[in-house]
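Enquirer: Before anything else, here's the structure in question.
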Amino acid sequence: MTLLVYKLKVCIMLKALKRIIKPSSKINTAPYLIESTKHIRAGKMSYHNGNFIIQGSQEVKIGSYCAFGENIHIITENHDYNYPVMQYTFYRHFFGKEHPGALNFPPNKERTKGGIEIGNDVWIGHNTTILSGVKIGNGAIIGNGCIVTKDVEPYSIVGGIPAKKIKMRFDDEIIQYLLEIKWWNWSESKIKKNKKFFYQNQNTSTLKEIESMIM
C-alpha cells in the first residue's frame, strides 16, 4: 500500500468515528445551537462555542438551556484492547474486516460503557472531555480542562483530571426545590412571568423567599 492510499484510508476512518457539531449555515458567530440528529437528542436552546465533537455511535442526550465552551469532546466508544491489536486500520488492511471488538454485540465494556446523558442548565468549560457511560446531573458545572470519567451529581461543581467534586452550587434544600419545580420545562410565557425569580441570587435567599417569587 502506498503512503498516499494509507493516509486516505486513515482520513476516512477518522471521519467515520467523529461527528463534529457544526453551526447552522445561517449563523456565523458563536454561540451555536445544538440540534438533534440520529445519535443526539437535544433539548431547547442549548449552545456550544465551537469545535464540539462527538465520537462513537452511542446515543448522547443533552438537556435544555445548557452552555458549552469551546473544544468539547464527547467520546462514547473507545478501542477494545482485549485483542492482539487495537488499531482498526490493521484489521481492515490485512483481513478486510472491522476490528473484532467492533463486531461484538453488545459491545464489551472496554469499548463502551454506554451513551452519555447531560442534564438541563449544565455549564461545561473549555477543553473538556466526557467519556462513555457518564451522566451529568441538572445544574452541574464542569470546569475548564476536565476529563469526566464518572457521574456528576445535580448542581455540583467539578474540576480536574479526572473530574472531582469541588462544592455544590446551592444549599441542599434549594437544590431539592429547583429539581422539583423543573423550571427548564416551563413554557416561555411562564419563564417571562417569573423574571424576579430568575434575577434573584439563590445563595443570598432563603427557600421561603424563593418559593414566594414563583408565580
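Just so it is clear, none of the values below were taken in a lab; they were calculated from the coordinates. Not measured: the values here are computed from a predicted model. Using ideal geometry, Cβ is built from the backbone for each residue, glycine included, and neighbour counts are taken over all protein chains shown.
Enquirer: Any chance you could give the angle, 0 to 90 degrees and rounded to 10, that helix 172-181 forms with the longest Cα principal axis of the chain?
Expert: 80
Enquirer: Shifting gears a bit: Return the long-range amide H neighbours of Gln55 (sequence gap of 5 or more, or a different chain), with a cut-off of under 5 Å between placed amide H atoms.
Expert: Those qualifying (amide H under 5 Å, at least 5 residues apart or on another chain) are Arg19, Ile74, Ile75, Thr76.
Enquirer: Which of Thr37, Thr76 has the fewest other C-beta atoms within 10 Å, and how do the rest follow up to the most?
Expert: Numbers: Thr37 12, Thr76 23.
Lowest to highest Cβ neighbour count: Thr37, Thr76.
Enquirer: For the chain, what proportion of DSSP beta bridges, expressed in % and rounded to the nearest 5, is antiparallel?
Expert: Numbers: 10 of 35 bridges.
Here the share of antiparallel DSSP bridges comes out near 30 percent.
Enquirer: Rounded to the nearest 500, what is the chain's calculated 222 nm mean residue ellipticity when only DSSP H runs of at least 4 contribute -39500 (n - 2.57) each, over all residues?
Expert: Numbers: 7 runs with 54 residues, N = 215.
For the chain, the value works out to -6500 deg cm²/dmol.
Enquirer: How would you rank Ser189, Ser46, going from fewest to most other Cβ atoms within 10 Å of each one's own Cβ? Mind showing how you got there, number by number?
Expert: Numbers: Ser189 8, Ser46 21.
Neighbour counts put them in this order, fewest first: Ser189, Ser46.
Enquirer: Looking only at His73, His93, His39, which one moves most when the chain is put into a Gaussian network model with springs between Cα atoms under 10 Å?
Expert: Of His73, His93, His39, the Gaussian network model singles out His93 as fluctuating most.
Enquirer: Here is a follow-up. Can you tell me the length gained on complete extension of the stretch Val85 to Lys38, counting 0.36 nm per residue apart and subtracting the Cα distance?
Expert: Numbers: separation 47, 0.36 × 47 = 16.92 nm, distance 3.03 nm.
In short, 13.9 nm is gained.
Enquirer: With springs connecting C-alpha atoms under 10 Å apart, model the chain as a Gaussian network and identify which of Ile53, Ile118, Ile136 has the largest mean-square fluctuation.
Expert: Evaluated over the chain, the most mobile residue of the options is Ile53.
Enquirer: Hey, of [x] 142; [y] 122; [z] 152, which did the structure itself give for volume of the Cα convex hull per residue in Å³ when calculated?
Expert: It is the value labelled [z].
Enquirer: In sequence order, what are the phi-derived ³J(HN,Hα) couplings for the stretch 74-90 according to the Karplus relation 6.51 cos²θ - 1.76 cosθ + 1.60 with θ = phi - 60°, rounded to whole Hz, with x for glycine and proline?
Expert: With coefficients 6.51, -1.76 and 1.60, one gets 10, 10, 9, 9, 10, 6, 7, 8, 6, 10, x, 10, 8, 6, 5, 4, 4 Hz.
Enquirer: So between Asn127 and Lys182, what do we pick up on full extension, going 0.36 nm a residue minus the alpha carbon distance?
Expert: On the way: separation 55, 0.36 × 55 = 19.80 nm, distance 2.87 nm.
That works out to 16.9 nm of additional length.
Enquirer: Ok, one more. So if we plug the beta-carbon distance of Met213 and Tyr47 into 1/(1 + (r/R0)^6) with R0 = 35 Å, what FRET efficiency do we get, rounded to 0.05? Show your work: numbers first, answer last.
Expert: Details: r = 26 Å, r/R0 = 0.75.
Computed FRET efficiency for Met213 and Tyr47 comes out at 0.85.
Enquirer: I would also like to ask the following. Which residue fluctuates most in the GNM of the chain (Cα springs below 10 Å): Asn78, Asn120, Asn185?
Expert: Asn185
Enquirer: Would you pull out the residues with amide H under 5 Å of Arg41's amide H, same chain only if 5 or more places away, H placed 1.01 Å from N?
Expert: Result for Arg41 returns Val60, Lys61, Ile62.
Enquirer: What distance in nm separates the simple spin-label points at Glu98 and Lys193, each placed 7 Å from Cα in the Cβ direction?
Expert: Label at Glu98, label at Lys193, 5.0 nm between them.
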